[in-house]
Structure formats: structure tokens, C-alpha cells
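Remarks on the structure that follows.
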Amino acid sequence: MLALYHFGPVANSLTPLLCLIEKGVDFDDRFLSSRRWEHHTAEFQAISPEGMVPVLVHDDRIVTESTVINEYLEDVFPAMPLRPADPWTRARMRVWTKYVDEFFCPALTVLGAHGATPFVSQIDKDEMQRRLERMPNAEVRKKWAIISERGFDEAELAEARSRLKRVIDKMEAALADNGDWIVGDAYSLADIKLYSMAPGVERILPDICSETASPNVFAWLRRIEARPAVQQMRGKDYAR
Ligand SMILES: N[C@@H](CCC(=O)N[C@@H](CS)C(=O)NCC(=O)O)C(=O)O
């Protein structure tokens, strides 16, 4: 049995979802609606003690962390390889996936979560308090507490925007140097990981990520969107 618990084709959930579809591996698609708090059930938290997605369940084994899940999928399902064969290119792929986990994702989370403030601030205060008490992860709880009260302040938003500009500049330079893909001569787990976040920057910050501001990143985004696996993923009907 292979099952993926996820929030749909966005952010960290997109990473293993797209990897599975690219590899053509059959899996049990366990979409959870964050708006309906479907990740707060005791059943899900028995699988994911931090209450977070994505989570892969393979027979009786649980794998967490989107980057680690993709490396696991690559080891278990090596057909349609998404990891470069050359050790140096593979090392560079991992530097990029680490960079997304440690720098890109935290910066985008600030702006993404802030954008949810109008929806979250309408939740009844007692209900929100009960929700916060059901969040096992302290960082996640802190984020929800901030957006349910006031959202992030201007200094925090400015810092996140400035970090995201550095990310897009770095990607732009890498693609100018390397060509179609972020490392090596083929689409890899590094492209998938970056693609889990980059559409969010294009949507929220068009002054930083657009055809004119970042032409190489713009063309790379369109190249990825043209892939049959991405179209298949985008065509799925996840009822939010
Ligand atoms: N480092 C983890 C991060 C996972 C993560 O941040 N998941 C978010 C969704 S993108 C989550 O489950 N949040 C729970 C919540 O906001 O309540 C990974 O890459 O899998």
C-alpha cells in the first residue's frame, strides 16, 4: 500500500505529489482540506504526530518531510530517474532542495499565511483557540496565532519579500548559466522542489517574478507547466 496525505498541488504537498505522478506510480491519493481542518483529526495525527502534511505511508512505514519523501520515492521507484547520475550534479541538486526547505519555503510561508489573514480572522475566537490547542507543532501554532490576530507586521513582510527577491535572482542566474533546468541537463528533484514554491512568488510578487523581471525563471515555469505530469496534477479535482 502506498498512500500520500497532502493539501493538494501547492507548496510542500506538491513536491511528492508531482514526483509520484512523474514516475507514474499508483498511489492512494489522500487529499486533506486545510480549510476544513481535515489534518486535525486524531486519525491523521496518529500518522503525523506534528499534524503536518505531506506524509507518505508505504505499507506499514511512514515517511515525512517532502524532500526526504522524494529521495525515498527515488530509491524505491528508480524508473523515470529524477536524480542526476553524476555525484557532483546530484550534490548540487541537494543544495537546491535544502535551500528551498531552509530559506525559500520559510520566506514564502510568511506572505502566503499573511494572505490568509482575512479568512482566518473571521473564525470565531473560541473556535480558533480550540484549533490552536489542537496544533502539535509550535511553529505552526505560532503562525496561525499571528494570522488569526493581526497578520505579520510590515517589517516581517518586507524581510520576506527581500528574501524572495534573492531566491528569484539566484534561480535566474542559475538558469542563465545552466540552460533549461536548474542543475545538469535534465529535469530533476531540484526543479520539482523549486516548482513547489515558485508559482506562489509569481502570483504574489509579479514585480519580482514575471516575464520582464525574471525571464529565465518565467520560461522555466512555462517549461515545467507544459509537462504532461504537471497538467495531469493540475487537472485533478481536489474539493477544497
Ligand atoms: N519541512 C516540511 C514542512 C511541511 C509543512 O510546512 N507543511 C504545512 C503545509 S505546506 C502544514 O502541514 N501545515 C499545517 C498547518 O498549517 O496547520 C516538509 O517539507 O514536508
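Each value in this text was obtained by applying a stated rule to the coordinates, not by laboratory testing. From a predicted model like this one, the values you see are computed outputs, not experimental measurements. So basically every Cβ, Gly included, is an ideal-geometry build from the backbone, and we count neighbours across all protein chains shown.
The table for this structure:
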read-out: FRET efficiency, 1/(1 + (r/R0)^6) with R0 30 Å, evaluated for VAL68 and ALA176 via beta carbons; value: 0.50
read-out: Violating pairs (Cα-Cα greater than 26 angstrom) within the set LYS98/LYS143; LYS98/LYS142; LYS125/LYS193; LYS143/LYS193; value: LYS125/LYS193
read-out: Relative contact order %, the stretch 2-81, counting alpha carbon pairs below 8 Å whose residues are six or more apart; value: 37 percent
read-out: Debye intensity ratio I(q)/I(0), log10, the stretch 87-227, q values 0.09, 0.18, 0.19, 0.21 Å⁻¹ (C-alpha model); value: -0.33, -0.99, -1.06, -1.20
read-out: Cα-derived Rg over Rh, computed across the stretch 2-81 with Rh taken as Kirkwood radius; value: 0.95
read-out: 12 Å reach of a label modelled at ALA239, 7 Å along Cα-to-Cβ, counting backbone N of the stretch 16-58; value: 33
read-out: Relative contact order of the stretch 87-227, pairs being alpha-carbon contacts under 8 Å that are 6 or more residues apart, as %; value: 29 percent
read-out: Relative contact order (percent, whole number), the chain, Cα cutoff 8 Å, 6+ residue spacing; value: 24 percent
read-out: Distance between modelled label sites at ARG141 and HIS58, nm, 7 Å Cα→Cβ extension; value: 3.2 nm
read-out: Fraction of antiparallel bridges per DSSP, the chain only, in percent to nearest 5; value: 65 percent
read-out: Under 19 Å from LYS236, Cα to Cα: lysines that are on another chain or at least 8 residues apart; value: LYS23
read-out: Taking all pairs of distinct alpha-carbon atoms in the chain, Kirkwood radius in angstrom; value: 18.8 Å
